[in-house]
1. Looking at L533, L519, L567, which is the one that is buried (at least 21 other Cβ atoms within 10 Å of the Cβ) and over 23 Å from the mean Cα position of the chain (by Cα)?
2. When you scan region 619-635, how many residues do you find that are assigned to a helix (DSSP H, G or I), farther than 25 Å from I236 by Cβ and in contact (Cβ under 8 Å) with a residue 60 or more places away in the chain?
3. Count, please, the residues in region 468-503 that happen to be more than 23 Å from V770 (Cβ to Cβ) and in a strand (DSSP E or B).
4. Looking at region 573-586, which of its residues are over 21 Å from the mean Cα position of the chain (by Cα) and either aliphatic (A, V, I, L, M) or not in a helix (DSSP H, G or I) (or both)?
5. What's the number of the condition S149 fails, among (1) in contact with a helix residue (DSSP H, G or I) (Cβ under 7 Å, 6 or more places away or on another chain); (2) within 20 Å of G448 (Cβ to Cβ)?
6. Has region 726-744 got any residue that is over 30 Å from Y796 (Cβ atoms), surrounded by 20 or more Cβ atoms within 10 Å (Cβ to Cβ) and of a type in the set (V, I, T)?
7. Are any residues in region 352-370 open to solvent by 10 Å² or more (accessible area, probe 1.4 Å) and closer than 23 Å to S778 by Cβ, and if so, which ones?
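The values are calculated or read from the model by the stated rules, or taken from the named source; none is laboratory data. If you're wondering where the values come from, they're calculated on a predicted model, not measured in any experiment. Counting neighbours? That spans all protein chains shown, and the Cβs are built from the backbone with ideal geometry, glycine included. Note: accessible area is taken over every heavy atom of the protein model, side chains too, but ligands, DNA and RNA are not part of it. Shrake-Rupley method; radii C 1.70, N 1.55, O 1.52, S 1.80 Å.
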Amino acid sequence: MQRSALTRVLLSAAVLAAVLHLGARRIGPLPPLGAFLDPLHGVWAAAGGAELTDLDEVVLPGLAAPVRVVFDDRGVPHIFASTSEDAARALGYVVARDRLFQLEVRWRTAAGRMAELAGATALGFDRYVRGLGLAWSAERDFAALDPASPEAREIAAYAEGVNAWIDGLGPSDIPLEYHLLGVEPSPWEPVYSIYLAKLMGWDLTYGVTTDLRRRRLEALVGREAAAALSPVNSPIQQPIQPNGSTGPRFDFVPIAPPGEPDLLALEGLDDLAAALGPVLGDLLDDRASQPGPVLGSNNWAVAPERTAAGSALLAGDPHLLLTLPAIWYEAHLVVPGELDVYGVTIPSAPFVQIGFNRHVAWSFTNTGADVIDYYEEELDDRESPSRYLVDGEWRPLEVRVEQYRGHDDNLLATDTLYATHRGPLIAYEKESLAMRWTVLEEVGEKFGLWHAARAESVEEWLTAMEVWGAPAQNMIVADRQGTIAIRSTGTYPIHPDGSGLEIRDGRFSAEDWVGFWPLERYPSAVDPQQRYLASANQQPIDPRVDSTYMGADWPSPWRAMRINTLLSSDSAVTPDAMRRYQTDPGNARADLFLPFFLAAVRRQAEIGAPDESAVEAAELLAEWDRRYTKENRRAVVFEYAMRELADRTWDELLRPEGSRRVYTPSSTVLASLLHYPQSVWWDDRRTEDVVEDRDAILVAGLAAALVRAKRELGEPEGPAWRWENVRHANIYHLLELPALSALGLPVQGGPGNLNPSSGGGTHGASWRMVVELGDEISAWSIYPGGQSGHPLSSRYTDRIDKWVAGELDRVLFPRSESDLDDSRVTSLLELTPES
């Protein structure tokens, strides 16, 4: 079995010889073939370390006392230690054993040092990342830590555990990827745990900026239209902080007609966008018409009054990039009298990010607030600046010299990077643009999770997490006393003019942020009257409650609407119902749009000869229950129709050359437009001698959708129309080698579902968890992958089938080692101090 898998790996190596891929970036060549195939030290040796042994005894330097690590039959380590530092040290050791290459990729990505691993082809990526200042700010934050604090000691202990594994590596222990790349593992530094926080901040907040998007829209269609197409407030309101309404509120308003484009300004903004690098909203400028990544997460909690067992329930499923190995590592840490916490860590950090202890459970979704501003700076010299102008006085620039080294430590390039008091100059050659970003801010203590893991109530947990700065998160929490709460916690800038929509004039200090939101202003709720809470990345607070600028162009609230519908209609929720909700096929987006399509065809039939393809498509959609089940054969034509609808509606947003749109408004903006059938936006300017209204566009889009679906998939009753054959999850290995990936996985869900699926299927529920907080904690979980990062291990993909099916495993949460059933134990690791 292993030899067969290894053969597939070697076949993949032939592809890897041409290109290696990390994310979307090509990263380098294979090592010399002789070393690669060395039977003792090459790739063949890696097969020997794939599985856990029944018993391992290891001397681990730095331990204060022996630690026992018991692996259950799901590969979860239950770490029993006498101090929290020893628990962190043991966690570092087992994470390194299971995920060493992933650790390497993480710190190198944040540091902009991938070229040292992959060669000169990664140089452009490294330059871009270092220009953002992630590692620079992490190193500053790490230097400010009190080394005697318990958090700093645990970070140091974690690093010692990782390095203990690295120091003891034998040929069979070195992960396969190192053999493929022809490199050796590098030592782990404690600061790399801080790199993780910056990396997560980059993933979750860097794309959430409206400055550039708004400027580009204004250049194309004018300020008034741009404000409506990329609105500050969602046209559909069902916020995270309950507003007293029993359902969503529809704040639909007309969209101002497009103005004349400013082509010169648009060209300049394209140059600026190239300098800034990829921004989420611009990468997805066809997001409403082309299937792209679906970024979203869900969490919700139900108070005892609405559960079958009379205990609070909590569920969480953060949606992130799906990778093998998975982003999460599941673990249980026990220190008698101090710590008993279970959940998932991100390899790099010694803290449980999402999980539960004996008293409380918690989960996160991304807030999506606008936490970046750009400032046009005036420099003293465009080519080699040393100062920048503020309030008529020259201030010195901060200067950093960065050297980039390659695979063999050869010097590839040297850059001089600059920063103002606001942050890095990321585009100083053409535009003197500084970026202020909360992820780079010195905002105080970062380790709320350390204290939260020890909380005994919702109140204590919320207090512990008050220090959280970035990335801002919607934090849901419940306890055994039955309290439920949610708070959108993070560092939210206060702008001098109350808006974060403009690129600012850096010549004046009055343009700087004037502070941050106080804690009491954060969107939040504790034990609301409705007795449940939910977040799905929707706008956190109703603007009628607080209109202070927090962000703009919020994700469409379809998932929030669906989970609120499910929770409000069930007064006796069970853990299994919570599980089912996580992959519920119902879809609020389809509920809203489908009746408009069907009514348009019906009205056309009433006034004249209907379009035959549109009629047939409408008949097919009338059969659909608007549920994205794997076996349904109607969701496909609806999704084709939605793409056609966006393409035909937003023609005014095409670039002058007509190749693609500057931006595609959200589906909630499109939903708003549906209520104004004669709006000028319905007219497709590409058609001559005809002025379309809403119904004409809906009918034409539906007809075109059916024609396209038949052309690409055959007849409607054929197997190609089944949703499971149209949309898949694709979980790629870190190097994107197909033989080491899990591809083409059929999933239940589509755009706007609680289990969203669209585009390449590379994003999805990275972890699913349900916790019942009764007299004893009961919990269920799954993630797509396995505990081991070794492609030849039985623990590499062993959870994927259940994840695809929407099933959860009941987790083992023993108070002591003796509470574990021997039949569920697969391996024991005994760690002892140096004598």
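1. Values: L533 fails: over 23 Å from the mean Cα position of the chain (by Cα); L519 fails: buried (at least 21 other Cβ atoms within 10 Å of the Cβ).
Of the residues listed, the single one that is buried (at least 21 other Cβ atoms within 10 Å of the Cβ) and over 23 Å from the mean Cα position of the chain (by Cα) is L567.
2. Counting residues in region 619-635 that are assigned to a helix (DSSP H, G or I), farther than 25 Å from I236 by Cβ and in contact (Cβ under 8 Å) with a residue 60 or more places away in the chain gives 1.
3. Pass one, region 468-503, residues more than 23 Å from V770 (Cβ to Cβ): 468-472, 490-503.
Keeping just the survivors that are in a strand (DSSP E or B) gives 493.
Count: 1.
4. Scanning region 573-586 gives V573, T574, A577, M578, P585, G586.
5. Going through the list (1) in contact with a helix residue (DSSP H, G or I) (Cβ under 7 Å, 6 or more places away or on another chain); (2) within 20 Å of G448 (Cβ to Cβ), S149 breaks only (1).
6. Keep residues of region 726-744 that are over 30 Å from Y796 (Cβ atoms), which gives none.
No, the conditions are met nowhere in region 726-744.
7. First, the residues of region 352-370 that are open to solvent by 10 Å² or more (accessible area, probe 1.4 Å): 353, 358-359, 364, 366, 368.
Across region 352-370, the qualifying residues are Q353, R358, H359, F364.
Residues are listed down the side, and each one gets a yes or a no for (1) within 30 Å of T548 (Cα to Cα); (2) part of a strand (DSSP E or B):
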position	(1), (2)
N299	yes, yes
L313	no, yes
V344	no, yes
F364	yes, yes
G368	yes, no
D381	no, no
